[in-house]
Every structure is written in structure tokens, then in C-alpha cells.
Amino acid sequence: MTVEKFTALTPELHRYLIEHNSWRRDAVSKLIEKAAEGMERPEMQISPDQAAFMTVLVRASGASRALELGTFLGYGSIAIGRGLPEDGSLLSCEIDESNAERAREYIEQAGLTRRVEVRVGPALETLQSLPAEEAFDLSFIDADKVNYPSYYEEVLTRTVRGGLVLIDNTFMGGSVLEPDGDSSRAVAELNELVAADDRVQSAMVGVADGITLALKR
């Protein structure tokens, strides 16, 4: 008999988890959390436990140049920015000008303006405008899901050897088991690609809605 070696998260256990990490849920973080609740798609914002996980990953990896696809209100940008060294930099891509402006305000309040640049435009176009050379130590893919396979290829090209690519929402709420739309099909396709990709060493972890870590060989 196979023993299931995982603990299913209840809402109570999830709250306990959030309370027992060192992510700084300071005034700025709580302000962004509240702002997201009033948005049309609040689920676009990463959770506090994921923010804590990402900050630790950024710092542990020693990344100094980072890339983010999908800024939303800047919660993830702040998580990444706080893990970077003082002279580190993050380029964050956001398609919505209104979201970008609000994110910049929160990033400024977090004291990270010198480290974080929010660039407006379709993420794929922004990526393709960058030199096709290994430049980023860490990237976070969390933009529109239909383009995930294309984002992955463009990001991996621009990732240094030993660099880390984080891919968000790789569970798609569980729909990757039986994809029922363009988004879930694209993410399921990417999951299969990454698992078989000998260019990277990967691990899919059960944080939030699933995060895949791909370490470029």
C-alpha cells in the first residue's frame, strides 16, 4: 500500500503556516493584501506564505539580477526585492498601466524603488526586446497562462547557468489533471515540458497553487 507523505492544508493550518514564517507582513504588505481583495481578480496576487518562500529562495540563491512576469500590485515584486542584495535589481513586467502605477507606489513605500523597475507592456514583447543572452540569476513567471510555454523558452534563454526559474500556478487549482481550457492546457503542456527538459533540474512544490523550480544546468 502506498503511504501518502503529505499533509493536506486546511484553512486553519494555512493560517498557522502564515503566522510562522519571517515574511514581513508590515503596513505595506497588509495594505496591498487589502487592496487586492477589492480587485476583480484578487487571486492574481500571491499569498503571504509564497512571498516568504520566494524571499528566502532569492536570498539563498544569491541572485542579484531578477526578472518577474506579472507585477499585479507589486506583492511579489516586494518579496523578490527584499531578497536581493542592496545593489541587486528586478525588472518586473506588467501589461496593465493602472496596476503598474499602483505597484510602483507600494514598491516605493517598501523602500525598494532603487532595486525594482516596473515596465509596462505585453510580457512576451518586453522579453523579446531584451538581449537574447544569459543575464538573469532568477526569474518568476506569473503572467497570463496561455503564454506560459513561450515565456519559459524566452526566460530560460536569458537565465544564467545555475540560475533559477520559478513558475507559478502549476497546479491551476487542480485543473492540470484534466485540462478544460486554453490556460490549463498551456500550463499542463509546460509542466510536461519542464519535467522532461534536460536543460534544467526541476522540482514542483505544493506551495500555494503549485510552484515549479527549474534550475538551469
- Sites Glu133 and Ser175, calculated FRET efficiency, Cβ-Cβ separation with R0 25 Å, nearest 0.05: 0.10
- Query: In µm²/s, what is D for the chain at 4 °C and 1.567 mPa s, where D = kT/(6 pi eta Rh) by Stokes-Einstein and Rh is the Kirkwood radius from Cα pairs?
  - Reply: 74
- Derived scalar couplings ³J(HN,Hα) [segment 39-49; Karplus, 6.51 cos²θ - 1.76 cosθ + 1.60; whole Hz; x for Gly, Pro]: 7, 5, 10, x, 5, 5, 8, 5, 8, x, 5
- Message: Full-extension gain between Arg161 and Asp182, please, as 0.36 nm times their residue separation minus the C-alpha to C-alpha distance.
- Response: 4.4 nm
- Task: Please list, in chain and number order, the residues 5+ apart from Ile46 or on another chain whose amide H is under 5 Å from its amide H, with Hs placed from the backbone.
- Result: Gly76
- Task: Subtract the Cα-Cα distance of Asp87 and Glu192 from 0.36 nm times their separation in residues, and report this length gain in nm to one decimal.
- Result: 34.2 nm
- Note on the structure: For segment 11-216, whose charge dipole is built from +1 on Lys and Arg Cβ atoms and -1 on Asp and Glu Cβ atoms, the candidate among Ala196, Leu31, Pro131 with its Cα farthest towards the positive end is Leu31
- Task: Specify whether the C-alpha gyration tensor of segment 1-97 places it in the rounded, prolate or oblate class, a ≥ b ≥ c being the square roots of the eigenvalues: rounded for a/c under 1.5, otherwise prolate if a/b is larger than b/c and oblate if not.
- Result: oblate
- Unit charges on C-beta of K, R, D, E only; dipole of segment 11-216, Debye: 740
- Descending semi-axes in whole angstrom, ellipsoid equivalent of segment 104-200, from the Cα gyration tensor: 25, 18, 13
- If you stretched the chain out fully between Met204 and Glu37, how much longer would it get, using 0.36 nm times the residue separation minus the C-alpha to C-alpha distance? 57.4 nm
- How many angstrom lie between the C-alpha centres of segment 56-134 and segment 1-47? 21
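Values in this text are rule-based calculations from the coordinates and carry no lab data. As the structure is a prediction and not an experimental result, all values here were calculated from the model. Positions of Cβ are backbone-derived with ideal geometry, glycine not excepted, and every protein chain shown enters the neighbour counts.
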